Amino acid sequence: MVIAASLLLAAILRLGDQALETPISAMLILGVGGQDIAAETRIVTTLIGAAVGIAINVLVPPRVPTRDAIADVREVSLRQAECLTAASASMVKSPISRAEVGVWLDDVARVNAVAAKASATVGAMKDVRKFNPRAIGTSDLEPTLRDGLAALERSSLAVRALFVVMLKEAPEQQTPDDGYGEEVRAAFALLLSNVADCVNAFGALVEAEATDLEAEVERNLSDSLDVAREARALLTELLLVDARAETSLWLLRGSILLAVEQVLDPLNLEDRARIRREREHEARRTWRTTRAGLMSAAVPTSSK
């Protein structure tokens, strides 16, 4: 009965991951073998400790790490853009080899570590906001940052898939002709550079959304996506010409183009705008429901 009541209390208080602590604490308090005085002492000391903990949290509330979370999410986009920019610069200089592509994959793995840190910071921000006086009157940015980080993580996975495809097809050593050709390789390097601009602009958009300055950054992201699509269209034309000479290269480059498209898909501006509109609509609906409840509760008092 004690365990059942404790779990029910944990559900009512929405303790989440700490729910199992309530039955453990209850059994520790009551598991004293019928010693009433000892049991009463344990109960009193537990209540005193809980009261002190709550009082300290109210009087000296912890800082909500909003700025840290925004900075970490922005860092993910910057590091991912750096990976693509480095790959672009390498392709411009000389034909690629598997060793170079392996270095790019290592860079992407380091981006994943930065993304994990950002995810932990965003989660900490959500936890600290609970019952925190410092959070009163401030916007809950956790959904915005969480959605933006999820999009960047999906894009990073697509970047890794792109480099994996290139690793399988790249030659072991640098050769005068790596199967891409000078003209095609230059166009693909330009495409990677434009995709890097898109990733960077998307990170700036998420940062701006968290600070209510998204209008200008949204325009920049739209322009970057247009540039990337134009570069991809140019590359497609080059590949179609190449395909007439050697079909195997077309199959390779077709898979690469698909991987590039998957890098851009999570950064879709229209999807981002739709999610924001849905969130704003939900917030307005919640406010209307709350206001209607307050007004209905006030009617009996005024009639009296």
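Observations, loosely collected:
- Residue that is surrounded by the most Cβ atoms within 10 Å (Cβ to Cβ), among those in the range 266-281 that are at pLDDT 75 or above and assigned to a helix (DSSP H, G or I): LEU267
- Filter pass, ILE43 being part of a helix (DSSP H, G or I) and β-branched (Val, Ile, Thr): yes
- All told, ALA50 meets the bar of being small (Gly, Ala, Ser), without any contact (Cβ under 8 Å) to a residue 40 or more places away in the chain and surrounded by fewer than 15 Cβ atoms within 10 Å (Cβ to Cβ).
- Filtered residue count, the range 92-140, keeping only those that are at pLDDT 85 or above, in contact with a Ser or Thr (Cβ under 7 Å, 6 or more places away or on another chain) and either in a loop (DSSP other than H, G, I, E, B) or more than 30 Å from ARG185 (Cβ to Cβ) (or both): 1
Quick grid of which residues meet (1) surrounded by 17 or more Cβ atoms within 10 Å (Cβ to Cβ); (2) modelled with pLDDT of 75 or more; (3) not in a helix (DSSP H, G or I):
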residue	(1), (2), (3)
ALA228	yes, yes, no
THR236	no, no, no
VAL241	no, no, no
LEU251	no, no, no
SER255	no, no, no
LEU258	no, yes, no
GLU261	no, yes, no
LEU264	yes, yes, no
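- Residue within the range 14-22 that is surrounded by fewer than 14 Cβ atoms within 10 Å (Cβ to Cβ) and closer than 26 Å to LEU192 by Cβ present: no
- Sole residue being more than 16 Å from the chain's Cα centre (by Cα) and closer than 25 Å to VAL217 by Cα, chosen from ALA71, ALA86, ALA81: ALA86
The values are calculated or read from the model by the stated rules, or taken from the named source; none is laboratory data. All figures in this text were calculated on a predicted structure; none of them were measured in a lab. All Cβ positions, even for glycine, are placed from backbone atoms using ideal geometry, and neighbour counts span all protein chains on display.
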